[in-house]
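Trainee: What follows is a single structure, and I will ask about it in a moment.
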Amino acid sequence: MLLRMFYGLFAGFTYVIFLLTFLYLIAFLAPLPLVPHTVDHGGLVNQPVMAAVVDTLLVMLFACQHSIMARPAFKRVWTRIVPKPIERSAYVLAASLALILLFAFWQPLPTVLWSVEDPFGQGILWGLFALGWAVVLLSTFLISHFELFGLKQVWQHMTGQAQGQTELRQPFLYKLVRHPLYLGFFIAFWSAPVMTFGHMLFALEMSGFMLVAIQFEERDLIDVFGDAYRRYRRSTGMLLPGIGRARS
């Protein structure tokens, strides 16, 4: 009983950390003066080349954590150390910590690449920024938000429920594109009325990471769902409707 309570507390704590990190990420990119470090403010490195190197390493750290820990081969080894009910929560905590490190040590590169002065244009870009985050959040609920962040697994363990069989579903946005969650991030990362070099670097590197991550994720999904996922890839665009459909 105590162990199950610990699992529940750990999962709840991890979820709170995720929520705070997610909200900070929005403020980090806005960028809002409410937070001490943003994509354009803070940092200690004055040399642009060194700042770009530091920022790239921080993105690489997050990308490696996010991709390696999500692979089935890693999970098989990891669950020998971390109990299976909290494996997902541990993953979410590690991802949150990687982002927190990025926030803390990010080095701004404030050179402005473009700046939209027209109020109407600014409104459109801020609207797209908000839309991107809304798509991200909605996508998590469409595919089981609480399972994605580890709460469902712990609840099932605490209540003695058996985990249901994984099934391939395409609710709402997933009928239009295979990866609406990533699409939301793309929209949010690139919708900036003021685009600095540092923001561009973040958007470019995160976009590259997501494109690579999609390839690994789809290999894993084919391993799980086989021909059903292959048919889904052939009929549905990757990030835009009708675009990026697999040929085989």
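The numbers here are math on the coordinates, done by the rules we state, and not lab data. Small disclaimer: the values here were computed from a predicted structure and weren't measured. Every residue, glycine as well, gets a Cβ built from its backbone with ideal geometry; the counts of neighbours run over all protein chains shown.
Trainee: How about Lys84: which aspartates and glutamates have a C-alpha closer than 18 Å to its C-alpha, ignoring those fewer than 8 places off in the same chain?
Mentor: Glu147
Trainee: Further question on the same structure: How large is the translational diffusion coefficient of region 73-198 in µm² per second when you combine the Kirkwood radius over alpha carbon pairs with Stokes-Einstein at 20 °C and 1.002 mPa s?
Mentor: Details: Rh = 17.6 Å.
So the translational diffusion coefficient is about 122 µm²/s.
Trainee: At a 10 angstrom cut-off on C-beta neighbours, averaged per residue, how do the peptides 122-128, 22-28, 184-190, 228-234 rank from highest to lowest? Mind dumping the intermediate values first?
Mentor: Numbers: 122-128: 13.9, 22-28: 17.9, 184-190: 20.9, 228-234: 15.4.
Peptide ranking by packing, descending: 184-190, 22-28, 228-234, 122-128.
Trainee: Seen from all sides and averaged, what is the projected area of the convex hull of the Cα atoms in region 24-78, in nm²?
Mentor: 5.1 nm²
Trainee: Let me know the volume per residue of the alpha-carbon convex hull for region 2-235, in Å³.
Mentor: That works out to 144 Å³ per residue.
Trainee: When the helices in the chain are scored as -39500 (n - 2.57) per DSSP H run of 4 or longer and the sum is shared across all residues, what 222 nm value do you end up with, to the nearest 500 deg cm²/dmol?
Mentor: -22000 deg cm²/dmol, from helical runs alone.
Trainee: I'd like the orientation of helix 48-68 relative to the chain: the angle between its Cα long axis and the longest Cα principal axis, in ° from 0 to 90, rounded to 10.
Mentor: So the inclination is approximately 10 degrees.
Trainee: Report the FRET efficiency, 1/(1 + (r/R0)^6), for Ile124 and Val82, where r is their Cβ-Cβ distance and R0 is 41 Å, rounded to 0.05.
Mentor: 0.35
Trainee: No solvent, one uniform scatterer per C-alpha: report log10 I(q)/I(0) for region 1-118 via the Debye equation at q = 0.13, 0.14, 0.22 1/Å, two decimals.
Mentor: So the normalised log intensities are -0.64, -0.71, -1.21.
Trainee: Next question, about the same structure. To the nearest 10 degrees, how steep is helix 2-29 against the longest Cα principal axis of the chain, on a 0 to 90 scale?
Mentor: For helix 2-29, the angle is close to 20 degrees.
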